[in-house]
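Right, one structure below, let's go through it.
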Amino acid sequence: MTQEPSTAVKLYGTDEPPAPIHRFRRGPLTFDLEAGKLRYIRIGGIEALRSIAFVVRGPGWESPAPRISGLDAEERADALRLGFKAAYETAGGRLEVTARIEAADNGLTFEAEALALTDFTTARTSFCILHPIAGVAGAPLEVTRPDESVERASFPKDISAHQPFMNIRALSHEVGNGIRATVRMEGDVWEMEDQRNWTDASFKTYGRPRDLPWPYTIPKGERVVQRVLLSFAGGVPAAARAEPEEVAITLDDRPGGRLPAVELAVSPEEAGHALDAAGRLAAAPAELVCWFEHGVHGAAELAAYAALARRLGSPIGLELILPCRSPLERELAEVAALLREAAIEPASLRPIQAPMTRWVLKPPEELGLPGFAALYRAARKAFPRAALGAGVLSNFTELNIDRPDLAGADFVTHCTAAVIHEPDDRSVMETLETLPHIFGSVRAIAAGLAYHLGPSAIGMRYNPYGNTTDPNRDNRRVAFARQDPRQRGLFGAAFALGYLARAAEAGLDGVCFGAPTGPFGLLYRKTDHPQPWFDTQAPGAAYPLYHVIMAVAAADRAPRLPVRSGAEKRVLGFGYGDKDGGRVAWLANLTAEPVALRLEGPGIGQATVKQIDTASFVQAALDAAGFGAAPGRPLPGGRLSLSPYAVAEIRRSR
């Protein structure tokens, strides 16, 4: 009999528990305390700030988890007072933070005193204040300078490639219902960046300007003291407002475009493993997006790609990194010869100059490289039959800053990762809020080009900002992780479904989400890092997100049927017409709490539902084909309850 995995492994792919969340209420003011951060600061139920956190970064922008101790809460007549200590240890040394928080009905104060226990080398040790993006992007803002002068401005509507505001002392904006929030920072010089560039759902105001040298060292025994003061004015209510318990889901039968094509990424080190697993994929991807560094990889890697493509019957798209040590024409001719020898005619080509895979913040010409226009002209000449993809092989921020010349390209491309800044569960899931902003910004940049999203996942396949990604062999929630254990859990399925829902709604032409095997895989294989429970099973297991990705791949760009959620931060979904004339919708609970749904739309009374949740996890993993073919159960009354991070397939006949 198969041993059941723990609930934590089912949900998150790891037995490491999430950081505890402490919820506080003071009159109309509510907030969470999580891992030393104040989260979701609301007044009267309206989110005013996403977070106030004293953050500590390692010398390479690592985000170490704090060890919290001495948490104390005291409710007094005049205020709620909290205190705790947070200890940090990085490659740069050791640091201890003493935090004091005081919350009243009309605001709060957060003071942090950091003591360097050793010489402490850091990229940033300072408060970071996050404003949410919903209802805030494009809204009016007042910026107070250190000399107390006030500038009337607006939060960026389109994603700003550079800091929209610098030299800040305070920020003031209306949060809704006539309530005004003002946040004031003391102890440093502050500036703002648009974190939507990195898929974070926030505008971040941080201490220590980015143009100052980093990393820097806080000497042993030195103290850093900073304060953040948040106040509210206007029609502040007497009490907080609760969220409705039931989420309304509307299934619309009027087609709205088509689903994106599903593509899968393949790296040289995974090509052989992917070939071994190819027979377990229920549907072939529309394209295999293959990484190839000319001069690093060669005939062997291309032969492995060719074998996989033949086995799946999928065309190859090449992510081509050129070293630019020789003229472009020569290097491209060398690659073309290698491809001919491997009997590969690429369906698409995404070329880039090797130095531009880093966060250089300069156009290629300033680095002594051929410009993007020259690169694309030469690539078009060398590969006239391949669709030419212009853009970057890293994150949207590099596309936004570098702005490649898109003239003559067939499509635009970039990637995303969800653990660049904060790797906790809620921050990762929040990145789905940002995708519509990114997709809209790319549409504005690309002006009518097709849009194929490059290899993306929760984890980070390579690090353009430092030397390497974190291998994360301990299966923790860490920033810059190459393998994120949540990929293997229900969390990963909910995230993938939400991602595809956002991409479908935006009308993307293709989405490369995940890979056949490996750190970003749909299917299990033995690796050099432990995979709890999966390592004890016979080969062939599927992760929960396999079922979501394969369903969309099998749908083969079917007509999209809109799915509208009454609470998109809790539930997302997408729908389509299947090949048998039926209607399919997929829904995901994006939270760690159960959620009740009320479904509306034609044919709901005769609908069936099949869920991937903690109860069905083992069957979905060990008998993927049987689980996929099994019928759903009736859905009486259109009512459905989804447990944490569960996903559901709803089927309605015509």
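Per-residue answers, yes or no, for (1) polar (S, T, N, Q); (2) within 17 Å of ASP194 (Cβ to Cβ); (3) touching a helix residue (DSSP H, G or I) at 6+ places or on another chain (Cβ under 7 Å):
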{"position": "GLY368", "(1), (2), (3)": "no, no, no"}
{"position": "LYS381", "(1), (2), (3)": "no, no, no"}
{"position": "ALA390", "(1), (2), (3)": "no, no, yes"}
{"position": "GLU398", "(1), (2), (3)": "no, yes, no"}
{"position": "ASP405", "(1), (2), (3)": "no, no, yes"}
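For the list (1) at pLDDT below 95; (2) within 21 Å of the chain's Cα centre (by Cα), I need the number of the one condition that ALA588 fails.
Of the numbered conditions (1) at pLDDT below 95; (2) within 21 Å of the chain's Cα centre (by Cα), the odd one out for ALA588 is (1).
If I filter region 269-313 down to residues being small (Gly, Ala, Ser) and touching a strand residue (DSSP E or B) at 6+ places or on another chain (Cβ under 6 Å), which single residue comes out as farthest from CYS512 (Cα to Cα)?
We begin by selecting, within region 269-313, every residue small (Gly, Ala, Ser); these are 271-272, 274, 277-279, 282-284, 286, 295, 298-300, 303-304, 306-307, 309, 313.
Right, trim to touching a strand residue (DSSP E or B) at 6+ places or on another chain (Cβ under 6 Å) and you get 274, 277, 286, 309.
Working: ALA274: 15, ALA277: 18, ALA286: 9, ALA309: 16 Å.
Across region 269-313, the extreme among qualifying residues is ALA277.
If you check GLU62 against the conditions, is it part of a strand (DSSP E or B), in contact with a strand residue (DSSP E or B) (Cβ under 7 Å, 6 or more places away or on another chain), modelled with pLDDT under 95 and not basic (Lys, Arg)?
Spelling it out, it is not the case that GLU62 is part of a strand (DSSP E or B), in contact with a strand residue (DSSP E or B) (Cβ under 7 Å, 6 or more places away or on another chain), modelled with pLDDT under 95 and not basic (Lys, Arg).
Given the condition out of contact with any Ser or Thr (no Cβ under 8 Å at 6 or more places or on another chain) and of a type in the set (Phe, Trp, Tyr), answer yes or no: does some residue in region 495-504 qualify?
Residues of region 495-504 that are out of contact with any Ser or Thr (no Cβ under 8 Å at 6 or more places or on another chain), as a first pass: 495-498, 500-504.
In the following step, the residues that additionally are of a type in the set (Phe, Trp, Tyr) were identified as 495.
Yes; the residues of region 495-504 include at least one that is out of contact with any Ser or Thr (no Cβ under 8 Å at 6 or more places or on another chain) and of a type in the set (Phe, Trp, Tyr).
Scan GLU193, GLU151 and give me the residue that is out of contact with any Leu (no Cβ under 8 Å at 6 or more places or on another chain), part of a strand (DSSP E or B) and crowded, with 21+ Cβ neighbours inside 10 Å.
Numbers: GLU151 fails: crowded, with 21+ Cβ neighbours inside 10 Å.
Every option except GLU193 fails the conditions.
Given the options GLY70, GLY83, name the one that is part of a strand (DSSP E or B), modelled with pLDDT of 90 or more, loosely packed, with under 15 Cβ neighbours inside 10 Å and of a type outside the set (Val, Ile, Thr). If you could, list the steps in order and put the result at the bottom.
Values: GLY83 fails: loosely packed, with under 15 Cβ neighbours inside 10 Å.
Just a single option satisfies the conditions, and that option is GLY70.
Return yes or no: is THR199 under 26 Å from ALA134 (Cα atoms), at pLDDT 90 or above and touching a helix residue (DSSP H, G or I) at 6+ places or on another chain (Cβ under 7 Å)? Spell out how you get there, then give the answer.
Values: under 26 Å from ALA134 (Cα atoms): yes; at pLDDT 90 or above: yes; touching a helix residue (DSSP H, G or I) at 6+ places or on another chain (Cβ under 7 Å): yes.
Criteria met by THR199.
So for region 86-97 (the condition being hydroxyl-bearing (Ser, Thr, Tyr), outside any loop (DSSP other than H, G, I, E, B), on the phi < 0 side of the Ramachandran plot and surrounded by fewer than 19 Cβ atoms within 10 Å (Cβ to Cβ)), does at least one residue qualify? So that I can check it myself, show each step before the final result.
Our first condition is that a residue be hydroxyl-bearing (Ser, Thr, Tyr); within region 86-97, this holds for 88, 90.
Next cut, outside any loop (DSSP other than H, G, I, E, B) only: 88, 90.
Cutting the leftovers down to on the phi < 0 side of the Ramachandran plot gives us 88, 90.
Still in the running and surrounded by fewer than 19 Cβ atoms within 10 Å (Cβ to Cβ): none.
Within region 86-97, not a single residue is hydroxyl-bearing (Ser, Thr, Tyr), outside any loop (DSSP other than H, G, I, E, B), on the phi < 0 side of the Ramachandran plot and surrounded by fewer than 19 Cβ atoms within 10 Å (Cβ to Cβ).
Please determine whether any residue of region 399-407 is surrounded by 24 or more Cβ atoms within 10 Å (Cβ to Cβ) and in contact (Cβ under 8 Å) with a residue 40 or more places away in the chain.
Narrowing region 399-407 to residues surrounded by 24 or more Cβ atoms within 10 Å (Cβ to Cβ): 399, 404.
Pick out the ones that are also in contact (Cβ under 8 Å) with a residue 40 or more places away in the chain and you get 399.
Yes, the conditions are met somewhere in region 399-407.
Of everything in region 568-594, what is in contact with a Pro (Cβ under 8 Å, 6 or more places away or on another chain) and in a loop (DSSP other than H, G, I, E, B)? Give them in sequence order.
THR591, ALA592, GLU593, PRO594 - these are the residues of region 568-594 that are in contact with a Pro (Cβ under 8 Å, 6 or more places away or on another chain) and in a loop (DSSP other than H, G, I, E, B).
For GLU287, only one of the following conditions fails: (1) crowded, with 20+ Cβ neighbours inside 10 Å; (2) in contact with a Leu (Cβ under 6 Å, 6 or more places away or on another chain); (3) touching a residue at least 40 places away in the same chain (Cβ under 8 Å). What is its number?
With (1) crowded, with 20+ Cβ neighbours inside 10 Å; (2) in contact with a Leu (Cβ under 6 Å, 6 or more places away or on another chain); (3) touching a residue at least 40 places away in the same chain (Cβ under 8 Å) applied to GLU287, the lone miss is (2).
Restrict the check to region 37-49 and report whether at least one residue is within 29 Å of VAL136 (Cα to Cα), surrounded by 17 or more Cβ atoms within 10 Å (Cβ to Cβ) and without any contact (Cβ under 8 Å) to a residue 12 or more places away in the chain.
Looking through region 37-49, at least one residue is within 29 Å of VAL136 (Cα to Cα), surrounded by 17 or more Cβ atoms within 10 Å (Cβ to Cβ) and without any contact (Cβ under 8 Å) to a residue 12 or more places away in the chain.
Could you check region 480-507 and list, in sequence order, the residues that are in contact (Cβ under 8 Å) with a residue 60 or more places away in the chain, in contact with a Lys or Arg (Cβ under 9 Å, 6 or more places away or on another chain), surrounded by 24 or more Cβ atoms within 10 Å (Cβ to Cβ) and not acidic (Asp, Glu)? Steps first, answer last, please.
The first filter runs over region 480-507 and keeps only residues in contact (Cβ under 8 Å) with a residue 60 or more places away in the chain, leaving 480-481, 484-495, 497-507.
Then keep just the ones that are in contact with a Lys or Arg (Cβ under 9 Å, 6 or more places away or on another chain); that gives 484-486, 489-490, 492, 495, 504-507.
Now narrow it down to the ones that are surrounded by 24 or more Cβ atoms within 10 Å (Cβ to Cβ): 484-486, 489-490, 492, 495, 504.
Answer for region 480-507, where residues must be in contact (Cβ under 8 Å) with a residue 60 or more places away in the chain, in contact with a Lys or Arg (Cβ under 9 Å, 6 or more places away or on another chain), surrounded by 24 or more Cβ atoms within 10 Å (Cβ to Cβ) and not acidic (Asp, Glu): PRO485, ARG486, GLY489, LEU490, GLY492, PHE495, ALA504.
Only one of these is at positive phi and within 13 Å of the chain's Cα centre (by Cα): PHE495, PHE480. Name it.
Values: PHE495 fails: at positive phi.
That would be PHE480, the only listed residue that is at positive phi and within 13 Å of the chain's Cα centre (by Cα).
When you go through (1) surrounded by 15 or more Cβ atoms within 10 Å (Cβ to Cβ); (2) of a type outside the set (Phe, Trp, Tyr); (3) free of Cβ contacts under 8 Å to residues at least 24 places away in the same chain one by one for LEU332, which number turns out not to apply?
Among (1) surrounded by 15 or more Cβ atoms within 10 Å (Cβ to Cβ); (2) of a type outside the set (Phe, Trp, Tyr); (3) free of Cβ contacts under 8 Å to residues at least 24 places away in the same chain, LEU332 violates only (3).
Scan region 597-653 for residues that are under 18 Å from LEU545 (Cα atoms) and either without any contact (Cβ under 8 Å) to a residue 24 or more places away in the chain or loosely packed, with under 14 Cβ neighbours inside 10 Å (or both) and report the count.
Result for region 597-653: 8.
Kindly indicate the residue of region 115-141 that is part of a strand (DSSP E or B) and free of Cβ contacts under 8 Å to residues at least 40 places away in the same chain and also surrounded by the most Cβ atoms within 10 Å (Cβ to Cβ) among those meeting that condition. Can you show your working first?
Applying the first criterion (part of a strand (DSSP E or B)) to region 115-141 yields 115-116, 120-122, 124-131, 140-141.
If we keep only those that are free of Cβ contacts under 8 Å to residues at least 40 places away in the same chain too, we end up with 140-141.
On the way: PRO140: 11, LEU141: 21.
Out of the qualifying residues, it is LEU141.
Yes/no matrix, rows are residues, columns are (1) outside the structural domain of PRO64 (by TED's automatic domain parsing); (2) within 28 Å of PHE411 (Cα to Cα); (3) surrounded by fewer than 24 Cβ atoms within 10 Å (Cβ to Cβ); (4) at pLDDT 95 or above:
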{"residue": "CYS512", "(1), (2), (3), (4)": "yes, yes, no, yes"}
{"residue": "LEU522", "(1), (2), (3), (4)": "yes, yes, no, yes"}
{"residue": "THR527", "(1), (2), (3), (4)": "yes, no, yes, no"}
{"residue": "ALA538", "(1), (2), (3), (4)": "yes, no, yes, no"}
{"residue": "SER565", "(1), (2), (3), (4)": "yes, no, yes, yes"}
{"residue": "ARG570", "(1), (2), (3), (4)": "yes, no, yes, yes"}
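Considering each residue of region 142-166, count those that are in contact (Cβ under 8 Å) with a residue 24 or more places away in the chain, more than 14 Å from ARG184 (Cβ to Cβ) and over 25 Å from the mean Cα position of the chain (by Cα), and give that number. First the steps, then the outcome.
Step one: filter region 142-166 for residues in contact (Cβ under 8 Å) with a residue 24 or more places away in the chain, giving 142-146, 155-156, 158-166.
Checking the rest, the ones that are also more than 14 Å from ARG184 (Cβ to Cβ) come to 155-156, 158-166.
Next, only the ones that are over 25 Å from the mean Cα position of the chain (by Cα) stay: 166.
Selection size over region 142-166: 1.
The values are calculated or read from the model by the stated rules, or taken from the named source; none is laboratory data. Just so you know, these numbers come straight off a predicted model, no measurement behind them. Counting neighbours? That spans all protein chains shown, and the Cβs are built from the backbone with ideal geometry, glycine included.
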